[in-house]
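S.K.: Quick one: this structure, given as structure tokens, is what I'll be asking you about.
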Amino acid sequence: MIICIGNALVDSLEQIEEFVIDELNLNKARMTLVDKERSNFLLQNMKNPIYEAGGSAANTAYWISQLGGNAGFIGKISNDDLGKQFKLSLKDSGLNDYTVFESEDNQTGLCAIFITPDGERTMNTYLGAGEHLSVDDLHIDAIKEAKILYMEGYLWDKPSSKSAFLNAAKINKESGGLNSISLSDVFCVEMHRDSFVSFITDDIDYVFCNEDELNSLTLLSSTNESFKYFGEKFPKVKELICTLGSEGAVILKNGERHSFEATETRVVDKTGAGDFFAAGYLYGLQKDLSVDKSANFANKSAAHVISEIGVRPKRKFN
């Protein structure tokens, strides 16, 4: 099984014109953490939003299960309508659901996503209950059974959730499993670079990122230089899986670079592209497929999700 740990969120998605980015003072194409007041303001400025269960690691777990893999999700929600909607979504997708309810009244996390005509997604996230995940919330038996543990960098901000990650990684390693992390966003890397480097050095087997996140981690401006630096800096990492947008992806394994072209598609909404790419690759790892075949699943998965609105595709996957 692949266990994914991350923020449990409900996504609210809406297509907008470019000028709305300035009107609402949005940080285009980035993920911005917002408080409850700002989140409610943005929701009030959505005319016809689409609501779906989301969150980076939850998206990845969902798509692994849709590909036919065995996946589970660990996260934290409130016992409110959004939380109930989230759990129902996990049940309907066939996932192993290890989410827990909080005892406080923070509201289930919500992400307001604005999609511009170029397909870029601008995310504004109120973490709510999700950011309070702690060691006590971990499903220890599931982690011990996991072949791969996948953790999203978005959940690194709170000391309690960071401790949960470190503890889960330790348990998984001691049980013979493999650890993976998504760097998630440039802002995550900028805020937590030193601790990310330490975590990757000590505990991580697979690193998922895009080229901007990689360059932020290495503090280099050239992606080629970053690949070389990464291989030298983190010799224990089995694979670096780095997406390059429309240019495809590069997998760094045993000091060798494997390059793959992106799957062509019509870009409608880039929300979830990295999450689905990771899911496709993790599915390949779970099935002991080659790098080439795993990357093929990853590229096709990313292309599939960005060809329509939202992160629960309606079209059949080929």
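S.K.: I need the helices of the chain that pass two filters: whole DSSP H segments spanning 18 Å or more by Cα along the axis, and mean Kyte-Doolittle score no lower than -0.5.
M.R.: Span-like helices, by this rule, are 186-203, 273-286, 291-305.
S.K.: Multiply the residue separation of Asp118 and Glu23 by 0.36 nm, subtract the distance between their alpha-carbon atoms, and state the gained length in nm to one decimal.
M.R.: Details: separation 95, 0.36 × 95 = 34.20 nm, distance 1.76 nm.
My answer for the length gained is 32.4 nm.
S.K.: Sort Val267, Val250 so the one with the fewest other Cβ atoms within 10 Å of its own Cβ comes first.
M.R.: Working: Val267 14, Val250 20.
In increasing order of surrounding Cβ atoms, one gets Val267, Val250.
S.K.: With a 10 Å Cβ neighbour count serving as the proxy for reagent exposure, in which order, fewest first, do Ser134, Ser65, Ser198 appear? All intermediate terms of the calculation are to be shown ahead of the outcome.
M.R.: Values: Ser134 17, Ser65 21, Ser198 12.
Going from least to most buried by this count: Ser198, Ser134, Ser65.
S.K.: Please order Arg266, Arg312 by the number of other Cβ within 10 Å, starting at the fewest.
M.R.: Details: Arg266 9, Arg312 20.
In increasing order of surrounding Cβ atoms, one gets Arg266, Arg312.
S.K.: Okay, next question. Per-residue counts of other Cβ atoms within 10 Å, averaged by peptide: what ranking do you get for 220-226, 87-93, 202-208, 50-56, highest first?
M.R.: Those peptides, ordered most packed to least, come out 50-56, 202-208, 87-93, 220-226.
S.K.: Let me make sure I get this right: for the chain, a, b and c are the square roots of the gyration tensor eigenvalues over alpha carbons, sorted descending. Under 1.5 in a/c it's rounded, otherwise prolate if a/b > b/c, else oblate. Which is it?
M.R.: rounded
S.K.: Now a separate question. Quote to one decimal, in nm, the extra length available between Ser198 and Met46 on full extension: 0.36 nm per residue of separation minus the C-alpha distance between them. Present the calculation step by step, with values, prior to reporting the outcome.
M.R.: Numbers: separation 152, 0.36 × 152 = 54.72 nm, distance 4.05 nm.
The Ser198-Met46 span can extend by a further 50.7 nm.
S.K.: Once the Cβ-Cβ distance between Lys36 and Ser163 is put in as r, and R0 is 22 Å, what FRET efficiency do you end up with, to the nearest 0.05? Kindly include the intermediate steps, with their values, before the conclusion.
M.R.: On the way: r = 24 Å, r/R0 = 1.11.
After rounding, the FRET efficiency stands at 0.35.
S.K.: Also, I was wondering about something else. Among Thr265, Thr116, Thr99, which one moves the most in a GNM of the chain with springs linking Cα atoms closer than 10 Å?
M.R.: Comparing Thr265, Thr116, Thr99 in the GNM, the peak value goes to Thr265.
S.K.: Now a separate question. Contour minus end-to-end for Asn224 and Asp212, with contour as 0.36 nm per residue of separation and end-to-end as the Cα-Cα distance?
M.R.: Values: separation 12, 0.36 × 12 = 4.32 nm, distance 1.19 nm.
Additional length available on full extension: 3.1 nm.
S.K.: Which order do the peptides 286-295, 106-115 come out in when sorted by mean C-beta neighbours inside 10 angstrom, highest first?
M.R.: Working: 286-295: 15.4, 106-115: 24.3.
Going from most to least packed, we get 106-115, 286-295.
S.K.: What are the ³J(HN,Hα) values, in whole Hz, obtained from phi via the Karplus relation 6.51 cos²θ - 1.76 cosθ + 1.60 with θ = phi - 60°, for each residue of region 119-133 in sequence order, with x given for Gly and Pro?
M.R.: Residue by residue, region 119-133 yields x, 5, 10, 10, 9, 10, 10, 9, 6, x, 5, x, 6, 9, 4 Hz.
S.K.: So for the pair Glu264, Asp80, with labels modelled 7 Å out along Cα→Cβ, what separation do we get in nm?
M.R.: With each label point 7 Å from Cα toward Cβ, the separation is 4.6 nm.
Just so you know, all these numbers are worked out from the coordinates, no wet-lab data involved. Treat the numbers as computed from the prediction; the structure is a model and nothing was measured. When we count neighbours, we look across all protein chains shown, and the Cβ atoms used for this are built from the backbone with ideal geometry, even at glycine.
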